Amino acid sequence: MPNHPVPVPSSVLAALKNKTIHLSAAKMIHSLFLVNASGDIFLEKHWKSVVSRSVCDYFFEALERATEPENVPPVIPTPHHYLINVLRHRIYFVAVIQSEVPPLFVIEFLHRVVDTFQDYFGVCTEAAIKDNVVVVYELLEEMLDNGFPLATESNILKELIKPPTILRTVVNTITGSTNVGEQLPTGQLSVVPWRRTGVKYTNNEAYFDVIEEIDAIIDKSGSTITAEIQGVIDACVKLTGMPDLTLSFMNPRLLDDVSFHPCVRFKRWEAERILSFIPPDGNFRLLSYHVSSQNLVAIPVYVKHNISFREGSSQGRFELTLGPKQTMGKAVESVLVSSQLPRGVLNANLNPSQGTYTFDPVTKLLSWDVGKINPQKLPSLKGSMSLQAGASKPDENPTINIQFKIQQLAISGLKVNRLDMYGEKYKPFKGIKYMTKAGKFQVRT
Amino acid sequence: MQKLLQLPVNAVNIVKGVQGVTQGQEEALSPVLTPDSGPQNWYSAVQPEELRHLRSGGTGGGGWGRGHDDLKEMLDSNKDSLKLEAMKRIVAMIARGKNASDLFPAVVKNVACKNIEVKKLVYVYLVRYAEEQQDLALLSISTFQRGLKDPNQLIRASALRVLSSIRVTIIVPIMMLAIKEAASDMSPYVRKTAAHAIPKLHSLDPEQKDQLIEVIEKLLADKTTLVAGSVVMAFEEVCPDRIDLIHKNYRKLCNLLIDVEEWGQVVIINMLTRYARTQFLNPNINESLLEENSEKAFYASDDEEEEDKKAEPATLAKRKPYVMDPDHRLLLRNTKPLLQSRNAAVVMAVAQLYFHLAPKAEVGIIAKALVRLMRSHSEVQYVVLQNVATMSIKRRGMFEPYLKSFYIRSTDPTQIKVLKLEVLTNLANETNISTILREFQTYIKSMDKDFVAASIQAIGRCATNIGEVRDTCLNGLVQLLSNRDELVVAESVVVIKKLLQMQPEQHSDIIKHMAKLIDNIQVPMARASILWLIGEYCEHVPKIAPDVLRKMAKSFTNEEDIVKLQIINLAAKLYLTNSKQSKLLTQYVLNLAKYDQNYDIRDRARFIRQLIVPTDKSGALSKYAKKLFLALKPAPVLESPFKDRDHFQLGSLSHLLNAKAAGYQELPNWPESAPDPSVRNVEIPDWSKCSSRKDRKEKKVEKPFYSDSEGESGPTESADSGNCESDSGSGSASASGSDESGSGSESEESGEETESDEEEEDEEEEKKKRKKLDKTKAKKQAEESAERCTIHTIHQISCIINFDQFDMNKITSVFSQTLAPSGSIKMYELLHRIKGEGLAVEYCFSRQPFSPEPNMVAVQIQFTNNTNSETKNLHIEDPRLQSGMRIREFAEIDVLAAGESVTVVMGIDFCDSTQAANFQLCTHTRKFFVSIQPPVGELMTPAFLTENDFKKEQGKLMGMNEILEKLTLGEKCVNEHVIVERVTATANLSRVPCGSDKECRFAGKTVSSGCLVLVTVTTKEGGGAQLTVNCEKMLIGTMLVKDILQALSQ
């Protein structure tokens, strides 16, 4: 596009001031390209004048330069445009913008687009997008107007464009009816823009999952370098009408830093530490929180490891034992250990006491699916690694990443006190579930 | 099949209802497109003449039939399913980037298709190709023009949206007209669409700028949250430099902010940041001098905070004390809760606002939120870390408590690792350096070599910045020289070189060690660094240096260019200091260089030879050769690449790229002295109606200064029960009947649909009137304004704090509070005489049963004709109600003579909700949009129960249906009588006899569904009391409790 400033002497610039201002008049998102892992553009959408897809060449250049797919810089300047991209599900969403706009604005929006696709199609893959290209187009049309976000709330979008289901697809092909909402969308006009109107259920249910993730770095000797708990409360609310819910905690002081779904009344939280809200219909994230770092974080597993290479030998020793630590009496499940072994390692010949392990000789990634930890018989993985003949002893230390789950436990000790509903007469079924997971849980060796 | 095809007809029924009569006519007019006589929907059809033209154009033009005959046929068929299929295939083509422009004529005539999905896809197509096919696109315009007049707001909005997206220059005047009209539409949704259309038109035709600015100015005055974000976006694109347009709307924008949708929030916050930089004083003005000093002196030493404390009194004494403008404070306070937003862009926007505008002591609060964002997607992390890196240079203390959050995991992408390293380096100081260095040591063992290199550089920077650890770092780096990985060694050499330059005398052994390394290291940059070191400090290693040169001369031809240059350099330096040993070697090297392939090296050799080798012809310069080569070189400063990046607005694209992006609005410097703050004052029109002095005074305290911004749509309206007090302030102020603008805006806007914004239409006129008023009041205001400004701002802040986001149900509390003190029937304003052009309308809830329909609330309306001519045909039209609500209109008033008043009664069934009833009040000349919203207490009629009945009914309404609340009675609530008076004033209830004198009971029924409402007030010793409300309708119960509490505790 020719709309770019040309160097002009400042005196001329001043005279042209009125003229030059319009050069900036193409803010926000101009176009969107979807690029798959093999570097093909498989969808493009323009909200303003068409931008040639050759602009993506700059992106491909950056893609080539990057060693890993996630190392492509999120913002790439080109002579006339800026490309802002996010990578999700092995698809690059490349937005083209022409002038100053907060980069996070675009990034956040692109992620919102991906979330919406996922919400609509279950998965957000190239195949799913191609199969539903018309719905995708309709969604993108509603989500941006002239490049500025219009409707990004899933409840509103679903009123405008119904998500495809197998049944509906069949019906549509037979009857020729459409995916486009048959009712006029009123959500955008209401005071509760995140909730559809006229919601009806025969079974009224509200489920809340308190999920906490432990991010930790454990050093060689087993002491904790840093550990924090990040939690979310995900809700699945299927309630008739316009219910008004309040949710209170036994120990709200634990929550150090919170961010809310827009439905939560902030003042009420400030004053009483109670979550009061009219929920969106369906699945949504009510709250995410951070547990203050002053509290000591319980580390539910420990790792004993001995990974060593001897000078001059082409063999290395590998020993790993896992055990439960502070688990509050709950079982540690779905344990998965993975480690990136040094490049010099050719192969690993290991013997797990339980579960199975795999070693990819190309990527050097070792992963061990442990399953449940039995405190009586600790799982271990022992054996040898063979090195390239003649290669010197690697001096990198692999780190061990651990994933695990603990059901029915919020490791911070957070407890929901009660959940009340106002505004509707029926008695809903209420359920609360707790779970603790490993977030970025890393052990250095 | 035909029957099935009519399915989407349902979709249209809603529209059909509104369209009413016009439909039949339209159908008759367009036979071509309606073979299956289904009802019209959305837009009316293209006129037949146009269509014929289109068809002949289609077949006659010929050029477009080539590849898509089948699609063309499908589009021409009269089956919606075929059309839909065709459109889907076409859209898929567009999505894949295939050219589908030749189908334009076939597609465009389906713009009036009845099937909604076909129509939507046609829009998609139109917007994509209209620019290329301008003439044909024009044919669709009339359809949209008709849509603009549709009674349904969504259709009007959608028509405007598509019309403005068609980039065809010839329709600019039509767009302009449409935008202007939509900007005064009664529906906020349409007005929002108008705001969106402004930048579209501006980019199509910048000549329209001045007219568009007028529209922006008008929309900026809009009070709905829906419009605010969009119009500021338009402002930013069209006229970001017209900061003067913001003045009057500044406080309103601040107050609306929390309820604006997320994307609008970002735009508004960024704009307000710029605004604040032009209007307020630097809150850190007293520290800025100091900061500069401390930064120069101790890049990384003393705790800044401590220093400030010591020095502050001194500087403070010199300067005049700084007082923050209350508006500045308002902005900071209202943006703070948004740090809790789930949207990273909003959090970042607030963070940059605080960074650029807040006093130093308050900036710290943003750190926590920014650290939280680092849990998000890696792209978000990337941007946030860039900004944290910049911030951490200026305000290191802020992020120090979160040091560990920046520790690096092996799973982070490299670009994130490098940024975290940058932040860690910026945060390093004497106290934490040992921890940080330990952390760095583990990084050096990482498998990611780029990251290892960056870590070594980071160590180097720590060493230069913090003198105490320089030796430790140097030793650590020297150890790395024996690392197996050559890249690690090379990077260490480069960093060591820089460190050694600081104190070369003490480190000749390291230089010797490095000289040995030259045999093994192959990385050119490292070799070059070593050679430079040896050359520079050859006097410290007099024996080794010539030997190194000897080796290098041997391998010269095989070296990389940068190494060759350094060899020449070394040779020259040695020649000057130790010519005896190195003369021949130097000659040899220079000779080799003379015939090198690289012209740079040849040039250098020639130049150096002339300079150092004395010949007859050698110029004057050679005398100074030694000075030239062996001058003392200043030690390099290793500084962050993020230093001084904060002259770009943080969070902006320009900041991220460290280059000015197109359209970047420079963040202005703080003004030396603050511009006049009174420009933000919004006048309160017409005080004259206030009867008594006392009355006025009361209002002054209660009423937030900028009355206009008060009553916007539902969401911000009310607060939770916990904070009634200040809420009542704002609420009653705007609702109190005697004040014009307050009550005017309240009744207009309180319904969440806000259909009734008549102010827009009359704005022009009102402006004129206001101007007149202004002149007369100017003096008085000027005197008062300064003082008032502060009072009001303080008050307004407290109101805002209590704004809740969306508690629409509690709006009524606002009303009933005003009822309480008087005890008599309260009049509300429906239409102010200025807006009504002389017709003033007030209403009250007469509490009489409405005889024609017992489940309607009787509303008594009083019309006063203040004009000099008679008003005719007063009646109601076009009620817009929530589902279930009904209206019983009053009989039309034929004539209302000048100066006369007349009272009528109408009935409204509110369905036991406090939703507003919106309708148009029509005279023979004008229509006014008005709305009536009932306080919860007016939704009931008295019920007469005995004591026993009362207890029995109360027993049935326990548990969830009972609401208990403790309260302290207000000073004047001394006896039973006052309590009864207040409760009955708040709600239309009757007293129930009671044996105890400590208890008062009241009973009523809701008007429309007849649910019982039971109220008990039990008084206790010492002014305490307990309020019990039993009602099956919990919402009514809750609201009633609040209102009664309010009434009793006053």
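Derivation of every value follows stated rules applied to the coordinates shown; laboratory data play no part. This one's a predicted model, so the numbers in the text were calculated from it and none came from an experiment. No Cβ is skipped: glycine too gets one built from the backbone with ideal geometry, and neighbour counts run over all protein chains shown.
Table for the structure above
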{"quantity": "Summed residue charge, Cβ within 9 Å of B:N343's Cβ, Lys/Arg positive, Asp/Glu negative", "calculated": "0"}
{"quantity": "Exposure proxy ranking, count of Cβ atoms within 10 Å, fewest first, for B:K543, B:K1020", "calculated": "B:K543, B:K1020"}
{"quantity": "Chain A, relative contact order [Cα under 8 Å, separation at least 6], %", "calculated": "13 percent"}
{"quantity": "Span from the the range B:611-657 Cα centroid across to the the range B:174-233 one, whole angstrom", "calculated": "54 Å"}
{"quantity": "Neighbouring partner chain Cβ atoms per residue of B:495-503, average, 10 Å criterion", "calculated": "0"}
{"quantity": "Inter-probe distance in nm under a simple model that places probes 7 Å from Cα toward Cβ, at B:N658 and B:M525", "calculated": "1.5 nm"}
{"quantity": "Sites B:S883 and A:S38, calculated FRET efficiency, Cβ-Cβ separation with R0 41 Å, nearest 0.05", "calculated": "0.20"}
{"quantity": "Order of B:F607, B:F104, A:F117, B:F1002 under a 10 Å beta carbon neighbour criterion, fewest first", "calculated": "B:F607, B:F104, A:F117, B:F1002"}
{"quantity": "Within 10 Å of each Cβ in A:281-291, the average number of Cβ atoms from other chains", "calculated": "1"}
{"quantity": "Residue with peak Gaussian network fluctuation, chain A [Cα springs, cutoff 10 Å], from A:S154, A:S412, A:S338", "calculated": "A:S338"}
{"quantity": "Residues B:Y322, B:Y443, A:Y82 arranged by fewest to most Cβ contacts within 10 Å", "calculated": "B:Y322, B:Y443, A:Y82"}
{"quantity": "For B:R372, net neighbour charge (Lys/Arg +1, Asp/Glu -1) across residues whose Cβ lies under 10 Å away", "calculated": "0"}
{"quantity": "Cβ-defined net charge surrounding B:K1020, 14 Å radius [Lys, Arg +1; Asp, Glu -1]", "calculated": "-3"}
{"quantity": "Chain A - mean residue ellipticity at 222 nm from DSSP helices (-39,500 (n - 2.57) per run, n ≥ 4, rounded to 500)", "calculated": "-5000 deg cm²/dmol"}
{"quantity": "Pairwise label distance in nanometres, A:S314 with B:D76, each label 7 Å out on the Cα-Cβ vector", "calculated": "7.7 nm"}
{"quantity": "The range B:388-541: radius of gyration over Cα atoms, expressed as a fraction of 2.2 N^0.38 Å", "calculated": "1.06"}
{"quantity": "Calculated FRET efficiency for the pair B:Q597/A:Q118, C-beta based, R₀ 60 Å, to 0.05", "calculated": "0.55"}
{"quantity": "Size of charge dipole - the range B:540-596 - debye, nearest 20, with Cβ of Lys, Arg +1 and Asp, Glu -1, no other charges", "calculated": "340 debye"}
{"quantity": "Share of alpha-carbon pairs per 10 Å distance bin for chain A, given as whole %", "calculated": "4, 15, 20, 23, 21, 12, 4, 1, 0"}
{"quantity": "Per DSSP, loop GluC sites (Glu not before Pro) in the range B:402-498 with at most 16 further Cβ within 10 Å", "calculated": "B:E430"}
{"quantity": "Euclidean distance between Cα centres, the range B:869-911 to the range B:122-155, Å", "calculated": "38 Å"}
{"quantity": "Residue-wise HN-Hα coupling along the range A:94-102, computed from phi with Karplus coefficients 6.51, -1.76, 1.60 (Hz; x: Gly, Pro)", "calculated": "9, 9, 9, 10, 10, 8, 3, 7, x"}
{"quantity": "Given A:K220/A:K382; B:K120/B:K218; A:K48/B:K149; A:K330/A:K382, the pairs whose alpha carbons are separated by over 22 Å", "calculated": "B:K120/B:K218; A:K48/B:K149; A:K330/A:K382"}
{"quantity": "Shielding by other protein chains, A:261-271, mean Cβ within 10 Å", "calculated": "6"}
{"quantity": "Gain on full stretching of the segment that runs from B:M958 to B:Q587 - 0.36 nm per residue minus C-alpha separation", "calculated": "122.8 nm"}
{"quantity": "Computed E for B:L632/B:T557 - FRET, C-beta separation, R0 22 angstrom, nearest 0.05", "calculated": "0.10"}
{"quantity": "Cα centroid separation - the range A:41-98 against the range A:311-380, whole Å", "calculated": "39 Å"}
{"quantity": "Axial C-alpha extent at least 20 Å, average Kyte-Doolittle at least 0.0 - helices from chain A (DSSP)", "calculated": "A:103-121"}
{"quantity": "Kirkwood Rh, angstrom, the range B:909-1050 [1 / mean 1/r, Cα pairs]", "calculated": "15.9 Å"}
{"quantity": "If the convex hull is drawn through the Cα atoms of the range A:301-407, its volume per residue in Å³", "calculated": "86 Å³"}
{"quantity": "Spacing of the two label points (7 Å from each Cα toward its C-beta) at B:V980 and A:Q407, in nm", "calculated": "6.4 nm"}
{"quantity": "Cα-centre dipole for the range A:304-414 with unit charges at Cβ (Lys and Arg positive, Asp and Glu negative), debye to 20", "calculated": "280 debye"}
{"quantity": "Cut-off under 5 Å, modelled amide H: who pairs with B:N429 long-range", "calculated": "none"}
